[in-house]
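Novice: Okay, handing you the structure first.
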């Protein structure tokens, strides 16, 4: 039995000490540099635990920083310099983020497309949906259908600029990438691009990156049994890049196949070769991640999607984009992936951590930034989700291991309490980006 029973978090909270959490941290750092030896991670975690137990007497508990220092020491002394560097860099990044959260502003200032935001805000002011109170008045006075119509028109106008750019460069464009964080509307946007430009004679072939996932057992797993597959390292990036180069050179590749029922990948399954004039279309969280398209420069068009809603809440703060996407993913996961609302909430910290490191920083490299928010979606989510968040607030309030879930649940619960609900799903067009999450999506 381990002598160390607890660890002291930075906020002073006491949580159970588990060797598995150390194993997960080491394995996650190893995965980030291409390693996938879980047995080695377990062996190193055992060394860390043994050294900590020698250092601390019974009923003495180390702090998180002391545990992390010991992990670094063991990694370096065992010759795992690359893994140690990845672990150290991750610690430094998390520390910088914590310091920013303590600063006077609680709004992220890096990587925000300010010019785009101002245009979205200008539109919101013009259409009187720049505050929750104004949105509520629209719902309460029966004008939701009109808001849906003008919102969909705005999204369509943004896509039209993309269509025109690709069409103008049709002889040189060989790769179109639709990227963005989780639940930003990539699937709908990708389908709309292929459909609209297909009518103009352009031919697209989708490269499904889901087939490039490593087997589920090769991903980090936490003490709750939740796998962290929300990183670019969950995909075989090297193989994707190799296949893209081969395809763009006109040669044939054998694509892998991923069986999601058993979470296993099979190599060399499906032949693929571009026909003259065909364009590769990629819909991926990590489409802008540089190693994915390393060496492919002039032949691509890159889109970055985000629900850039500009709406002030009653407390004067703006609705957070990540909260919109979390609610979207809850609805989609439940309908399409047999994943409960609460599972999505407790998994979201993995989603958010990865997108802050591997998705959002590359948004500025996109050729187009597309706003996929619809002001009318909040009343729909209030109707579908509001009752659940109060339960999670109560459940996780005093759970030190679920403070991320608690914070998000409390914030979204407070927001939804101020929104007038609507059950009028039927008003949403069948090809709307919102249909990707509430169901009934049809692109015709």
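The values are calculated or read from the model by the stated rules, or taken from the named source; none is laboratory data. Just so it is clear, the model here is predicted, and its values are computed rather than measured. Here the Cβ is made from the backbone with ideal geometry for all residues, glycine too, and neighbour counts use every protein chain on show.
Novice: In the set 303, 292, which member is under 23 Å from the mean Cα position of the chain (by Cα), buried (at least 16 other Cβ atoms within 10 Å of the Cβ) and either free of Cβ contacts under 8 Å to residues at least 12 places away in the same chain or in a helix (DSSP H, G or I) (or both)?
Specialist: Exactly one of 303, 292 is under 23 Å from the mean Cα position of the chain (by Cα), buried (at least 16 other Cβ atoms within 10 Å of the Cβ) and either free of Cβ contacts under 8 Å to residues at least 12 places away in the same chain or in a helix (DSSP H, G or I) (or both), namely 292.
Novice: Can you name the residue in the stretch 273-283 that is assigned to a loop (DSSP other than H, G, I, E, B), at negative phi and touching a residue at least 40 places away in the same chain (Cβ under 8 Å) and, of all such residues, is surrounded by the fewest Cβ atoms within 10 Å (Cβ to Cβ)?
Specialist: Applying the filter and picking the extreme gives 275.
Novice: Here are some residues: 67, 31. Which one is in contact with a strand residue (DSSP E or B) (Cβ under 7 Å, 6 or more places away or on another chain), within 24 Å of residue 357 (Cβ to Cβ) and either at pLDDT 85 or above or not in a helix (DSSP H, G or I) (or both)?
Specialist: Going through 67, 31 in turn, just one is in contact with a strand residue (DSSP E or B) (Cβ under 7 Å, 6 or more places away or on another chain), within 24 Å of residue 357 (Cβ to Cβ) and either at pLDDT 85 or above or not in a helix (DSSP H, G or I) (or both): 67.
Novice: Moving on. Could you pull out the residue among 318, 350 that is more than 24 Å from residue 167 (Cα to Cα) and modelled with pLDDT under 95?
Specialist: 350
Novice: Quick check: is even one residue across the stretch 433-444 at pLDDT below 95, under 23 Å from residue 149 (Cβ atoms), out of contact with any strand residue (DSSP E or B) (no Cβ under 7 Å at 6 or more places or on another chain) and surrounded by 17 or more Cβ atoms within 10 Å (Cβ to Cβ)?
Specialist: Yes: the stretch 433-444 contains one or more residues that are at pLDDT below 95, under 23 Å from residue 149 (Cβ atoms), out of contact with any strand residue (DSSP E or B) (no Cβ under 7 Å at 6 or more places or on another chain) and surrounded by 17 or more Cβ atoms within 10 Å (Cβ to Cβ).
Novice: Just a yes or no: is a residue in the stretch 310-327 assigned by TED's automatic domain parsing to the domain that holds residue 356, without any contact (Cβ under 8 Å) to a residue 12 or more places away in the chain, assigned to a helix (DSSP H, G or I) and surrounded by 16 or more Cβ atoms within 10 Å (Cβ to Cβ)?
Specialist: no
Novice: While we're here: List the number of the failed condition for residue 142; all other conditions in (1) in a loop (DSSP other than H, G, I, E, B); (2) touching a helix residue (DSSP H, G or I) at 6+ places or on another chain (Cβ under 8 Å); (3) modelled with pLDDT of 95 or more hold.
Specialist: (2)
Novice: Moving on to the next point. Can you list the strands (runs of 3 or more DSSP E) found entirely within the stretch 156-272 that contain at least 3 residues being in contact (Cβ under 8 Å) with a residue 12 or more places away in the chain and either touching a helix residue (DSSP H, G or I) at 6+ places or on another chain (Cβ under 6 Å) or surrounded by fewer than 19 Cβ atoms within 10 Å (Cβ to Cβ) (or both)?
Specialist: In the stretch 156-272, the matching strands (runs of 3 or more DSSP E) lie at 203-206, 253-259, 264-272.
Novice: Can you confirm whether residue 422 is out of contact with any strand residue (DSSP E or B) (no Cβ under 9 Å at 6 or more places or on another chain), within 22 Å of residue 336 (Cα to Cα) and in contact (Cβ under 8 Å) with a residue 60 or more places away in the chain?
Specialist: Considered against the rule, which asks whether it is out of contact with any strand residue (DSSP E or B) (no Cβ under 9 Å at 6 or more places or on another chain), within 22 Å of residue 336 (Cα to Cα) and in contact (Cβ under 8 Å) with a residue 60 or more places away in the chain, residue 422 comes out as no.
Novice: What do you reckon, is residue 378 crowded, with 21+ Cβ neighbours inside 10 Å, in contact with a strand residue (DSSP E or B) (Cβ under 8 Å, 6 or more places away or on another chain) and in a helix (DSSP H, G or I)?
Specialist: It is false that residue 378 is crowded, with 21+ Cβ neighbours inside 10 Å, in contact with a strand residue (DSSP E or B) (Cβ under 8 Å, 6 or more places away or on another chain) and in a helix (DSSP H, G or I).
Okay, residues lined up against (1) farther than 30 Å from residue 114 by Cβ; (2) buried (at least 19 other Cβ atoms within 10 Å of the Cβ):
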{"site": "383", "(1), (2)": "yes, no"}
{"site": "386", "(1), (2)": "yes, no"}
{"site": "392", "(1), (2)": "yes, yes"}
{"site": "398", "(1), (2)": "yes, no"}
{"site": "405", "(1), (2)": "yes, yes"}
{"site": "410", "(1), (2)": "no, no"}
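Novice: Here's another thing I want to ask about it. Keeping to the stretch 419-441, report how many residues are part of a loop (DSSP other than H, G, I, E, B) and within 13 Å of residue 382 (Cβ to Cβ).
Specialist: Going through the stretch 419-441 one residue at a time, the tally reaches 6.
Novice: Which condition does residue 286 not pass, out of (1) more than 13 Å from the chain's Cα centre (by Cα); (2) farther than 17 Å from residue 372 by Cα; (3) assigned to a loop (DSSP other than H, G, I, E, B), if it passes all the others?
Specialist: Answer for residue 286: the failing condition is (1).
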